[in-house]
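What follows is a single structure, written as structure tokens, with notes after it.
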Amino acid sequence: MDIDHLIPAPTRTHPTHPTPTHLTPTTTLHTTPETSPLAPLLRGTIGVATGLPLADGGVGAERVVLRVRAEIGGRHGPEAYRLSTDRSHEDATVLIEGGTPAGVFRGIQTLRQLLGPDAFRRAPVEPGRRRRRWALPQVTVEDHPRFAWRGLMLDVARHFMPKDGVLRYLDLIAAHKLNVFHFHLTDDQGWRIEIKRYPRLTEVGAWRGRTKWGHRASPLWDEKPHGGYYTQDDIREIVAYAAERHIRVVPEIDLPGHSQAAIAAYPELGNTDVIDTASLSVWDTWGVNPNVLAPTDTTLRFYEGVLEEVLDLFPEDVSPFIHIGGDECPKEQWQKSDVAQERIRELGLAGENELQSWVIRHFDTWLSARGRRLIGWDEILEGGLAPGAAVSSWRGYGAGIAAAEAGHDVVMCPEQYVYLDHRQAAGADEPVPIGFVRTLEDVYRFEPVPPQLDPEAAAHILGTQANVWTEVMENQSRVDYQVFPRLAAFAEVAWSALPAPADRDFADFERRMTVHYKRLDALGVDYRPPTGPLPWQQRPSVLGRPIEGAPPNR
């Protein structure tokens, strides 16, 4: 029984009796109208793993009860929950109460961990028969998250992940009590979302002829065409699947940089007075691309049309934020473009940075009028930040500090600490080593709130997210390797009330990970073992981009 191996660590646990209680084939499930949508989720995870039917039931000693209790949320927020397995409440074997259904759902994840690693499988493992009794420690868990935004960004533009893989990742982040899925859908190397009024975005923009193998300095190529996209019904399915698991989805449509796939599909979007945009194809290598959107009315109307369909696919209750990128937009083409320079003069702008800010402000106003909030990478600070915009602070803490002190909401995701494409050790056997060395312990000691912020500014830190850029992650197994086990450490940073980084008990976290690795095994996750990559996880002689050293944490 895993009361001492919970990840992320709960706020409080109170063992109530040394003798375990049990779930059995006669244990029933009782829900209220508010929690009834959670019944199929519980049966579809714990039920299928244990083989227990968990049939609908009313009164009786053997019950799992799921219900909302407003005072729990009133004290600790909507995702707070209380889980009791000590039979002291309403003759229930298990009672899970949450401030909202989201809180009850987080409590179900804890119940799953308490049942042991086999509760994470897709069918019972005992051959020939189903286990009759599943032991549970008698305990009360009271728990709530530190941050309201606990996210994972998944880049499906560089390497496409089929829909089933995306749904699997939603299950994985739900199991770690994360609640935001940042869906990076467009970039220079591919456009991954069907837009019906602009069919060439997927007919042309979703496919590239070949792919750089390794970092852009590598001489190697994968000569197979690569691509794929999600139909609008695929997107609706993904959004609904996330909503059932109380996960918000933040779609990202990148502009005005990282847009060569869109320009390849519709050349009029590019700076046609500077380059022959009709000759461009979807980019097949990595890095910062000089081919950016032209700051024209044609471009604005085009992306308004894109976003109209995006807002329809991502409803406000699941996706209050829309990410528009705004990062890594080189200005050389605008400097050379008569059209761009005329726009700068017409608007009375100081230069190209303010021109980019004008584009961002346009879409901030456009989204605000439709009840949504714009969020972008921290380059949107350059040239002046749109009034209602929030910032994803990726280039370190500095931009996030500046934004928070100016009264803007911030999601902390500095590349030096929570870019999970960065290598996990300094060894030569790390596959395609990228960026800073960031070990499991480094991630565990990451602190999202800079200590120099005063309380008013610190209140603007919405939370944190880990980012997964997939340039050198060609399939699901490679994504798993980079993400896990570090996502478990990140999840604890985002959820649990941890002490200052230097005072965190990493040895205890490692101890708890000994059981969590077994959960990941049951889930079929191809994580990096603590002893280093297995032979088939290595990529000998494929060049990466190692960076020695990193700025100090904070």
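Contact list please: Cβ distance under 9 Å, first residue in the stretch 511-534 and without any contact (Cβ under 8 Å) to a residue 24 or more places away in the chain, second residue in a helix (DSSP H, G or I), pairs at least six apart or on different chains.
G524/R168; G524/D480; P529/Y517; P529/Q537
How many residues, within the stretch 367-384, are of a type in the set (A, V, I, L, M, F, W, C), assigned to a helix (DSSP H, G or I) and touching a helix residue (DSSP H, G or I) at 6+ places or on another chain (Cβ under 6 Å)?
2
Determine whether R122 is touching a helix residue (DSSP H, G or I) at 6+ places or on another chain (Cβ under 8 Å) and part of a loop (DSSP other than H, G, I, E, B).
yes
Consider L355 carefully, then state whether it is in a helix (DSSP H, G or I) and modelled with pLDDT of 95 or more.
yes
Residue pairs, Cβ under 9 Å, 6 or more apart or interchain, first in the stretch 338-352 and exposed (fewer than 11 other Cβ atoms within 10 Å of the Cβ), second not in a helix (DSSP H, G or I). List them.
Listed by first residue and then by second, the contacts come to D338/D273; D338/V274.
Does T140 count as more than 20 Å from the chain's Cα centre (by Cα) and assigned to a helix (DSSP H, G or I)?
Against the criterion (more than 20 Å from the chain's Cα centre (by Cα) and assigned to a helix (DSSP H, G or I)), T140 does not qualify.
For the stretch 267-276, give me each residue that is surrounded by fewer than 22 Cβ atoms within 10 Å (Cβ to Cβ) and out of contact with any Phe, Trp or Tyr (no Cβ under 9 Å at 6 or more places or on another chain).
P267, T272, D273, I275, D276
List the helices (runs of 4 or more DSSP H) inside the stretch 233-348, counting only whole elements, that have at least 2 residues being within 20 Å of G371 (Cα to Cα) and of a type outside the set (G, A, S).
In the stretch 233-348, the matching helices (runs of 4 or more DSSP H) lie at 297-313.
Would you check which residues across the stretch 119-166 are among the hydrophobic types (A, V, I, L, M, F, W, C) and surrounded by fewer than 16 Cβ atoms within 10 Å (Cβ to Cβ) and list them?
Selection gives A123, V125, A135, A148.
Scan the stretch 297-327 for residues that are buried (at least 19 other Cβ atoms within 10 Å of the Cβ) and either among the aromatic types (F, W, Y) or more than 26 Å from the chain's Cα centre (by Cα) (or both) and jot them down.
T299, F302, Y303, F314, F321
Give the stretch 1-54 a look and list any residue that's charged (D, E, K, R) and surrounded by fewer than 21 Cβ atoms within 10 Å (Cβ to Cβ), or say none.
D4, R12, E34, R43
Report yes if some residue within the stretch 93-101 is touching an Asp or Glu at 6+ places or on another chain (Cβ under 9 Å) and either closer than 25 Å to L523 by Cα or exposed (fewer than 15 other Cβ atoms within 10 Å of the Cβ) (or both); otherwise report no.
For the stretch 93-101, residues touching an Asp or Glu at 6+ places or on another chain (Cβ under 9 Å) and either closer than 25 Å to L523 by Cα or exposed (fewer than 15 other Cβ atoms within 10 Å of the Cβ) (or both): present.
Could you list all residues from the stretch 385-416 that are among the acidic types (D, E) and part of a helix (DSSP H, G or I)?
Matches in the stretch 385-416: E405, E415.
When G532 is evaluated against the numbered criteria (1) surrounded by 19 or more Cβ atoms within 10 Å (Cβ to Cβ); (2) farther than 22 Å from W149 by Cβ, which criterion, by number, is the only one it fails?
With respect to (1) surrounded by 19 or more Cβ atoms within 10 Å (Cβ to Cβ); (2) farther than 22 Å from W149 by Cβ, G532 is out only on (1).
With respect to the numbered conditions (1) under 30 Å from P320 (Cα atoms); (2) over 24 Å from the mean Cα position of the chain (by Cα); (3) among the hydroxyl-bearing types (S, T, Y), which one is the sole condition not fulfilled by T470?
Failed condition: (2).
Quick one: which of R361, R372 is within 27 Å of I344 (Cα to Cα) and surrounded by fewer than 22 Cβ atoms within 10 Å (Cβ to Cβ)?
Going through R361, R372 in turn, the sole match is R361.
Starting from the stretch 168-179, keep only residues that are over 17 Å from L6 (Cα atoms) and assigned to a helix (DSSP H, G or I), then list their pairs with residues that are modelled with pLDDT of 95 or more and aliphatic (A, V, I, L, M) whose Cβ atoms are within a distance under 7 Å, requiring at least 6 positions of separation or different chains.
Correct list of pairs: Y169/L154; L170/A242; L170/I247.
Return yes or no: is L201 buried (at least 22 other Cβ atoms within 10 Å of the Cβ), touching a strand residue (DSSP E or B) at 6+ places or on another chain (Cβ under 7 Å) and part of a loop (DSSP other than H, G, I, E, B)?
Considered against the rule, which asks whether it is buried (at least 22 other Cβ atoms within 10 Å of the Cβ), touching a strand residue (DSSP E or B) at 6+ places or on another chain (Cβ under 7 Å) and part of a loop (DSSP other than H, G, I, E, B), L201 comes out as no.
Got a sec? Which of V432, V437 is outside any helix (DSSP H, G or I), aliphatic (A, V, I, L, M), buried (at least 22 other Cβ atoms within 10 Å of the Cβ) and assigned by TED's automatic domain parsing to the domain that holds P501?
V432
Starting from the stretch 474-497, keep only residues that are farther than 15 Å from I173 by Cβ, then list their pairs with residues that are of a type outside the set (K, R) whose Cβ atoms are within a distance under 6 Å, requiring at least 6 positions of separation or different chains.
E474/H159; S477/D526; Y481/D526; Y481/Q537; S496/P8; S496/A9
Return a yes/no flag: does the stretch 253-266 have any residue that is more than 18 Å from the chain's Cα centre (by Cα), on the phi < 0 side of the Ramachandran plot and surrounded by fewer than 20 Cβ atoms within 10 Å (Cβ to Cβ).
Within the stretch 253-266, one or more residues are more than 18 Å from the chain's Cα centre (by Cα), on the phi < 0 side of the Ramachandran plot and surrounded by fewer than 20 Cβ atoms within 10 Å (Cβ to Cβ).
What tally of residues in the stretch 237-261 results from selecting those that are in contact with a Lys or Arg (Cβ under 9 Å, 6 or more places away or on another chain) and within 18 Å of I193 (Cβ to Cβ)?
Count: 4.
Could you tell me whether any residue of the stretch 369-378 is at pLDDT 95 or above and in contact with a His (Cβ under 6 Å, 6 or more places away or on another chain)?
Yes.
The values are calculated or read from the model by the stated rules, or taken from the named source; none is laboratory data. All figures in this text were calculated on a predicted structure; none of them were measured in a lab. Reconstructed Cβ throughout: ideal geometry from the backbone, glycine too, with neighbour counts over all protein chains shown.
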